[in-house]
Structure formats: structure tokens, C-alpha cells
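The values are calculated or read from the model by the stated rules, or taken from the named source; none is laboratory data. Just so we're clear, the structure is a prediction, and the values are computed from it rather than from any experiment. Methodologically, a virtual Cβ is constructed for each residue, glycine included, from the backbone with ideal geometry; neighbour enumeration extends over all protein chains shown.
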Amino acid sequence: MKTIKYILMVLVIAITVTSCEKPDNINPKAATSVPVGTLFSNAEVSLVNQINSMSVNYNTTRLLVQYWQETTYFSEARYDFSSRNIPDNYSTALYRNVIMDLKEAKTILNASEFTGGLATQRDNQVAIADILQVYAYQVAVDAFGDMPYTEALQGIADPSPAYDDAASIYTDLLARLTADIATLDASQGSYGSADFIYGGDVAKWKKFAASLKLRAGMRLADVNPTAAQAAVESAYSAGVFANEDESGILYYSGVSPHVNTIYSGFFVDGRKDYIPTNTLIDYMKSLDDPRLPLYFNTVDGDYVGAEAGADAAATYTNYSHFADRFFQPDFEAILIDYVETEFLLAEAAQRGWNVGGAAEDYFNNAVTQSILYWEGTQADADTYLAAHPYDAANWKESLGMQKWLALYNRSVEAWAEWRRLDYPVLNVPTGMVYGDIPSRMPYPFNEVKNNESNYNAASAAIGGDDMRTNLFWDIYDPI
């Protein structure tokens, strides 16, 4: 089990950055600006919290990809985005709480004059901040499509930004990651204790950036295979995750408010609003998946899931509940990890790209590492893979199904990969057709009144501001 890196933080206390030198004639007791370390910490934790959030006000992707069903309220599981202004909250959490803070951190750092090792450390800090910005932008694009980018974050100077083409944003994000990877120098530090994921470890941030580039490159595989192959092979050469200990994982301290989102919802807020779906439970039962008892408990000796997208309330006690691990206050949250990377390399190898291994080997390792992560055994993994081997003739189904199972509790990425790979086949909620399962979020509703002309142009460019409109990289539908 990896070493736990606890968050021991009180963000109202100024976190100093070791590269900072106190200039002359400055009153150290006077408040001048937010320290760079504080901006970075806030942005890093805000990103993780948004990706990991289970609040229906901020992130309903666990419902969209049919991992969970609601009990008391059920409109969000039936793809109602408007009642709680979910798109507005989702985008605000990314742009204001993450991208803006990182922009400010980069501005301060770039205005600093350092030489030697301090200059290298500053460059590392700028690159790492940029890597997290890239992550947040990709999440935004993967949710909505075309989004403000080149004109974003201008405040009152430009309160009505134009929307950039999503494919062009992806091109720039990949270029930024390439530059960041080249910049990072592990001979010097970065954010130190202000970095709650890696503790300032620059070598691991370089792995993170390469693995993120692998993810972004693979997103383009069906729509721009030439660019995708170049990005994927470049990422592999730069050095992606080689084991689970290198993964981008944040470990909560377990002291409220710095607690896992499930613990917060069920114990801090005292709610019982979520249960697993029959979609997930039934697939896992049919496969005799060893992770089933590691994800859920039983009801009268059986695993029972609720109807996905049901249009009525469900009784919490009638269904399986989450295993004890999920209810621990310090249960970790993942941004990107070794298991995901191995699945991506399996697909790249299947497509004939040069990533140093065979598709089946990467697939087997991805499934094995997922089972081990959830505290299953090597024997469990061996038995499971013997029963469900990699199927090169139907590789999208093999990869899509097993990645969906492995990405459980990582629903933002699971929703993206379900849309791209088109597997597994989800259940159709009562009164709907398969195409009603969202392919994107509607644009933030406040854009209609606050940025109308640019909103209209963006909507027309993507084929309509509809949750059934496919994103540019989502060119297939399974049904």
C-alpha cells in the first residue's frame, strides 16, 4: 500500500514558497498579495474536490455513467441539469476556483526575478501550475465542447469571452503539456509542502504530465489519429506512470472539512441519497467480478442495485450500499493513475502505435492492478482474466467494459471514456431512448443572458446546445 500523504492544512495560514526572497523596504506584516503556495494549494484541492464531488449541485457524472442512482430525489439521475444549475456550478468550480487561481500564481511567479537554482524552481512551479490548468481545461471541454479559452479569465476587461473550437483547444493543451514536460527539472524543487499530491516532487509531476498527455492524445484517436499517435508516442517516450505509487492521488486528512466526499455526504451531512445501480451490479454479477464485494455489501445475501434513471424515489435499505472503505473520512481521491494509463497503453498498442508493449499485456496489467488497488488478490485477478480474456477482435468492448468497471468512483473520466469507447451498453431509463443518455452538459445557463452572442455562436458551432449533441471526439454511438 502506498505511503499516505496526509493533508495537514489550514489554508487561511499563508503557505510560504521556498523560492521567495523578501525584497527590501517591504513591511513583512502588511498584507500585499496571496502567497503563491496558497494559490496553488487552493487550486489543487479545489480541482480534486470538484472531480471527486458527489454533490448533485456540482457533479452528477456518477449518475450520468450509471454507477449510482438517487433515493429521495431522482431528477438529476434523469438528466435534469437545470433545476440546480449544475452546468454553471461545474464550470465555475473549474474556471474560478482552479484555473483562475493557477493563472494568478503563474503571473506572480513569472514576474519574479531569480537566478540559478531559484530560477529553475520557479520554472518548475510555473510548469506544474500549467499542468493543472491543462487538466481543468480538458475536463471543461470534455463536459461542454467549445468553451472560452483564449479570451477566458479576463475579468471586467472582457466579461463576455468568445468560445474557442474544442479541437483547437485540445491542440493547444497538448502543446502546453509538451512544453511543461520539457521545462520540468527534477534537480530542483517546486511547491514543497504546499503541494498535497506529490509534496513538490518534480519527477512525479513530470510523470503526471506525460500520463495526462497520453490521456488527451488518446481522446483524439478516432477523430484525428495522426495527431493522436504523435501525442501518445511522445507521452510514452517522456515517461508515463510505471506503478501505482506514482499516480496523481490526494489523501484527505480525515478531519472535516478535509474529508472524502462520500463520508461528507453520508456522515457530515447525514444523508442517504445514493445507492448503486442495477447497471453496475448486474454487469459485475454476470462477470463474477472479484471487486463486487470490495465495492458493495449485500442485502439478504445478494447484491441489489436500483433501476438506473428511475423516475421514483427508492428505499435506501432495500439496496446494496457502499463498502466500508468508501465511508472512511480519509479515503483518497484520484486525478489520474497507473491503472488508467495501462488501459490507454493497451488501446494504443491495439491501434499499432509504438508504446513498447502488447495490447493484451497492458490490458491484463490494468485489470490486475485495479483488482489489487481495491485490495483483491493476484489469484483473484488471474482467475478473472482467465474467464474474461482480452478480445482483440472486439477490443473496444473489452477495453470499454473493463475500464468502466475499473474507473468506478472516478466518474468524470468514466463518463468521457464511455462516450468515446461506447461501452458498456447502459440501461435506458423509463420513458427515454438510448440517445437521451447525455453526451455532454448543456452550456452554463447564465451564459444565455450574460454572454448571449458568443453563447449563440458556440451553440451553433457544435450542432446545438443539447445534452444529446456529441463532442468533436465522440464520433460513434453504440445503438
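Within the range 261-301, the set of residues being within 15 Å of Pro424 (Cβ to Cβ), without any contact (Cβ under 8 Å) to a residue 60 or more places away in the chain and β-branched (Val, Ile, Thr) comprises just one member, Ile281.
Among the residues of the range 215-235, is any acidic (Asp, Glu), in a helix (DSSP H, G or I), more than 18 Å from the chain's Cα centre (by Cα) and closer than 25 Å to Ala346 by Cα? For the range 215-235, residues acidic (Asp, Glu), in a helix (DSSP H, G or I), more than 18 Å from the chain's Cα centre (by Cα) and closer than 25 Å to Ala346 by Cα: present. Count of the range 319-345 residues, restricted to those that are within 20 Å of the chain's Cα centre (by Cα) and among the small types (Gly, Ala, Ser), is 1. Going through the range 344-372 one residue at a time, which ones are free of Cβ contacts under 8 Å to residues at least 60 places away in the same chain, over 24 Å from Arg325 (Cα atoms) and either among the aliphatic types (A, V, I, L, M) or buried (at least 18 other Cβ atoms within 10 Å of the Cβ) (or both)? Answer for the range 344-372, where residues must be free of Cβ contacts under 8 Å to residues at least 60 places away in the same chain, over 24 Å from Arg325 (Cα atoms) and either among the aliphatic types (A, V, I, L, M) or buried (at least 18 other Cβ atoms within 10 Å of the Cβ) (or both): Ala346, Ala349, Gln350, Ala358, Ala359, Glu360, Tyr362, Phe363, Asn364.
Please specify each residue of the range 324-343 satisfying the condition of being under 30 Å from Phe266 (Cα atoms), among the charged types (D, E, K, R) and surrounded by 20 or more Cβ atoms within 10 Å (Cβ to Cβ).
Restricting attention to the range 324-343, the residues satisfying the condition of being under 30 Å from Phe266 (Cα atoms) are 324-340.
Still in the list and also among the charged types (D, E, K, R): 324-325, 330, 332, 337, 340.
Asp337, Glu340, listed by residue number.
Among residues that are of a type in the set (Val, Ile, Thr), outside any helix (DSSP H, G or I) and within 21 Å of the chain's Cα centre (by Cα), Ile249 is included.
Residue check: is Thr383 of a type in the set (Ser, Thr, Tyr), surrounded by fewer than 19 Cβ atoms within 10 Å (Cβ to Cβ) and touching a residue at least 60 places away in the same chain (Cβ under 8 Å)?
On the way: of a type in the set (Ser, Thr, Tyr): yes; surrounded by fewer than 19 Cβ atoms within 10 Å (Cβ to Cβ): yes; touching a residue at least 60 places away in the same chain (Cβ under 8 Å): yes.
Answer is yes for this residue.
From the residues in the range 63-112 that are among the basic types (Lys, Arg), part of a helix (DSSP H, G or I) and without any contact (Cβ under 8 Å) to a residue 60 or more places away in the chain, which one is surrounded by the fewest Cβ atoms within 10 Å (Cβ to Cβ)?
From the range 63-112, those among the basic types (Lys, Arg) are 78, 84, 96, 103, 106; that's our starting set.
If we keep only those that are part of a helix (DSSP H, G or I) as well, we get 78, 96, 103, 106.
Imposing the further condition that a residue be without any contact (Cβ under 8 Å) to a residue 60 or more places away in the chain reduces the set to 96, 103, 106.
Numbers: Arg96: 12, Lys103: 18, Lys106: 20.
In this case the residue turns out to be Arg96.
Only a single criterion out of (1) of a type in the set (A, V, I, L, M); (2) over 29 Å from Met432 (Cα atoms); (3) without any contact (Cβ under 8 Å) to a residue 40 or more places away in the chain is not satisfied by Val232, namely (3).
Among the residues of the range 128-176, just one is in a helix (DSSP H, G or I), touching a strand residue (DSSP E or B) at 6+ places or on another chain (Cβ under 9 Å) and acidic (Asp, Glu), namely Asp172.
Residue-level check: of (1) surrounded by fewer than 19 Cβ atoms within 10 Å (Cβ to Cβ); (2) closer than 24 Å to Ala228 by Cβ, Ser453 misses just (2). One residue stands out in the range 177-207 among those that are buried (at least 19 other Cβ atoms within 10 Å of the Cβ) and closer than 23 Å to Leu153 by Cα: the one that is nearest to the chain's Cα centre (by Cα), namely Leu177. A Cβ distance below 6 Å, combined with a sequence gap of six or more or placement on separate chains, defines the contacts here; from the range 302-319, residues that are within 18 Å of Arg271 (Cα to Cα) reach residues that are part of a loop (DSSP other than H, G, I, E, B) in the pairs Ala306/Ala314; Ala306/Tyr319; Ala313/Thr72; Ala314/Thr71; Tyr316/Thr71; Tyr316/Lys272; Tyr319/Val304.
Answer with yes or no whether Glu375 is acidic (Asp, Glu), in a loop (DSSP other than H, G, I, E, B) and in contact (Cβ under 8 Å) with a residue 12 or more places away in the chain.
On the way: acidic (Asp, Glu): yes; in a loop (DSSP other than H, G, I, E, B): yes; in contact (Cβ under 8 Å) with a residue 12 or more places away in the chain: yes.
Yes; evaluated as a whole, the condition is true for this residue.
List pairs: first residue in the range 424-442 and aliphatic (A, V, I, L, M) and surrounded by fewer than 19 Cβ atoms within 10 Å (Cβ to Cβ), second residue part of a loop (DSSP other than H, G, I, E, B) and modelled with pLDDT under 95 anywhere in the structure, Cβ distance under 6 angstrom, at least six positions apart or on different chains. Qualifying pairs under 6 Å: Val425/Pro478.
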